[in-house]
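Report on the structure given below.
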Amino acid sequence: MAPNTHVFDVTEAAFETEVLQASLQTPILLDFWAEWCGPCKSLGPALEQLAAEFNGAFRLAKVDVEANQQLAAMFGIQSIPTVVLVKDGQLADGFAGALPPAQVREFLAKHDIEPTVPADEPEPATDSEPAADPQEVLTAAREAVTAEPANDERKLDLAIALLMTGNAEEARPLLTHLPANLATDARAQRAQSHLVLLDSLPANRSVAELLNAAANGEPQDLHAAAVAQLLHGEPETGLELLIDLLRTHRSYQDDLARRTLINAFRILPDTELVARYRRKMSSLLF
């Protein structure tokens, strides 16, 4: 059997590079285990099989708690097996115990981690269609909520449509009152990131005005111009402004540039662009 290139052993010495830094580009699933742990012997192989099946959508880092006691202490591991998801350089979620593969899949899906199609297996061709008009999408979403007022999925659809038309205030209560199982859905998390960006956008100022103000290099102006570009202009220009802000004012407002970059990565559909700027952010942070 070919070796699983998406599974590796991690040690305390390599943790920052192989987990924290690497998670800025690819989510890392930490499997805390030990040789004497019975449930670990069922969960471990299942996780390795999923890592192979997902083909690089996440990487599985095996942590032997006997050999890496400081790492176990750092994560507050009280029982094994324990699994921790590290994403964007931060602890994102986790679970304890030997969950069945179906529940692990649900856990991954909740964080927008889905199997990757191999390079030699092209995705099915689809007919290109023009992008839907945001106002038409909004109208349809309102009608769906009217028809099914108790359906929380329809409310999430409406919140997303509202955000796409810049209506943060109407979207906010819809997102706030989502049930717990839906609030952690990948679409809901992207919507929350979109809302954070809209909230930080100065009112009644055009993209051009904000770009002109950013020429002075002040951090608040750089940030405002970056968000305006992300939402209403050229996303790459917005990302570049945030990288500049991270480089020149890293500690501004409690690491605002890094937090805004992470929110931007969640909402931008251009995966190549996001990967490129994840690498740029990583090179500055580490």
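Look through the range 43-56, keep the residues that are of a type in the set (A, V, I, L, M, F, W, C) and out of contact with any helix residue (DSSP H, G or I) (no Cβ under 8 Å at 6 or more places or on another chain), and return whichever of them is farthest from PHE75 (Cα to Cα). Steps first, answer last, please.
Filtering the range 43-56 for residues of a type in the set (A, V, I, L, M, F, W, C) gives 43, 46-47, 50-52, 54.
Checking the rest, the ones that are also out of contact with any helix residue (DSSP H, G or I) (no Cβ under 8 Å at 6 or more places or on another chain) come to 43, 51-52.
On the way: LEU43: 19, ALA51: 22, ALA52: 26 Å.
The extreme case among them is ALA52.
Would you tally the residues in the range 64-83 being in a strand (DSSP E or B) and open to solvent by less than 10 Å² (accessible area, probe 1.4 Å)?
Let us first name the residues in the range 64-83 that are in a strand (DSSP E or B), namely 64, 82-83.
Narrowing the set further to residues that are open to solvent by less than 10 Å² (accessible area, probe 1.4 Å) leaves 83.
Result for the range 64-83: 1.
If the requirement is being without any contact (Cβ under 8 Å) to a residue 60 or more places away in the chain and of a type outside the set (A, V, I, L, M, F, W, C), which of these qualifies: GLN25, GLN49?
Values: GLN25 fails: without any contact (Cβ under 8 Å) to a residue 60 or more places away in the chain.
None of the other options fit; the residue is GLN49.
When the residues of the range 54-63 are narrowed to those that are within 14 Å of SER23 (Cβ to Cβ) and assigned to a loop (DSSP other than H, G, I, E, B), which ends up least open to solvent (accessible area, probe 1.4 Å)?
If we take residues in the range 54-63 being within 14 Å of SER23 (Cβ to Cβ) and assigned to a loop (DSSP other than H, G, I, E, B), then PHE58 is least open to solvent (accessible area, probe 1.4 Å).
Quick one: which of GLN103, GLN135 is modelled with pLDDT of 85 or more, in a helix (DSSP H, G or I) and closer than 23 Å to ASN181 by Cα?
Details: GLN135 fails: closer than 23 Å to ASN181 by Cα.
Answer to the selection: GLN103.
Looking only at the range 22-53, count how many residues are in a loop (DSSP other than H, G, I, E, B), farther than 13 Å from PRO81 by Cβ and of a type outside the set (S, T, N, Q).
Residues of the range 22-53 that are in a loop (DSSP other than H, G, I, E, B), as a first pass: 25-27, 34-39.
Remaining after also requiring farther than 13 Å from PRO81 by Cβ: 25-27.
Of the ones still in play, those that are also of a type outside the set (S, T, N, Q) are 27.
So the answer is 1.
Within the range 149-164, can you find the residues that are in a loop (DSSP other than H, G, I, E, B) and open to solvent by 50 Å² or more (accessible area, probe 1.4 Å)?
PRO149, ALA150
May I ask you to list the residues in the range 87-113 that are under 27 Å from SER282 (Cα atoms), touching a residue at least 40 places away in the same chain (Cβ under 8 Å) and of a type in the set (A, V, I, L, M)?
Matches in the range 87-113: ALA92, LEU108, ALA109, ILE113.
Applying the selection to the range 22-42, what residues are crowded, with 18+ Cβ neighbours inside 10 Å, under 23 Å from ARG279 (Cα atoms) and touching a helix residue (DSSP H, G or I) at 6+ places or on another chain (Cβ under 8 Å)?
The answer is LEU24, ILE28, LEU29, LEU30.
Name the residues in the range 176-189 that are without any contact (Cβ under 8 Å) to a residue 24 or more places away in the chain and part of a helix (DSSP H, G or I), would you?
Within the range 176-189, THR176, ALA180, ASN181, ALA183 meet the criteria.
So, of the residues in the range 175-189 that are among the aliphatic types (A, V, I, L, M) and under 15 Å from the mean Cα position of the chain (by Cα), which turns out to be surrounded by the fewest Cβ atoms within 10 Å (Cβ to Cβ)? Don't jump to the end; show me each part of the working.
Here is the first cut: in the range 175-189, the ones among the aliphatic types (A, V, I, L, M) are 175, 178, 180, 182-183, 186, 188.
Of the ones still in play, those that are also under 15 Å from the mean Cα position of the chain (by Cα) are 183, 186, 188.
Numbers: ALA183: 16, ALA186: 14, ALA188: 20.
Looking at the filtered set, the residue picked out is ALA186.
So which residues in the range 4-14 are farther than 10 Å from VAL63 by Cα and either open to solvent by less than 10 Å² (accessible area, probe 1.4 Å) or under 24 Å from the mean Cα position of the chain (by Cα) (or both), if there are any at all?
Taking the range 4-14 first, the residues farther than 10 Å from VAL63 by Cα are 4-7, 13-14.
Listed by number, the residues that qualify are THR5, HIS6, VAL7, ALA14.
Does any residue of the range 267-286 turn out to be more than 28 Å from GLU114 (Cβ to Cβ) and touching a helix residue (DSSP H, G or I) at 6+ places or on another chain (Cβ under 7 Å)?
Step one: of the range 267-286, the residues more than 28 Å from GLU114 (Cβ to Cβ) are 284.
Subset that is touching a helix residue (DSSP H, G or I) at 6+ places or on another chain (Cβ under 7 Å): 284.
So far as the range 267-286 goes, yes, one or more of its residues are more than 28 Å from GLU114 (Cβ to Cβ) and touching a helix residue (DSSP H, G or I) at 6+ places or on another chain (Cβ under 7 Å).
The values are calculated or read from the model by the stated rules, or taken from the named source; none is laboratory data. Owing to the predicted nature of the structure, the values given are computational and were not obtained by experimental measurement. Positions of Cβ are generated from backbone atoms using ideal geometry, with glycine treated the same way; all protein chains shown enter the neighbour counts. We work out accessible area using only protein heavy atoms, side chains counted, and drop any ligands, DNA or RNA first. Shrake-Rupley method; radii C 1.70, N 1.55, O 1.52, S 1.80 Å.
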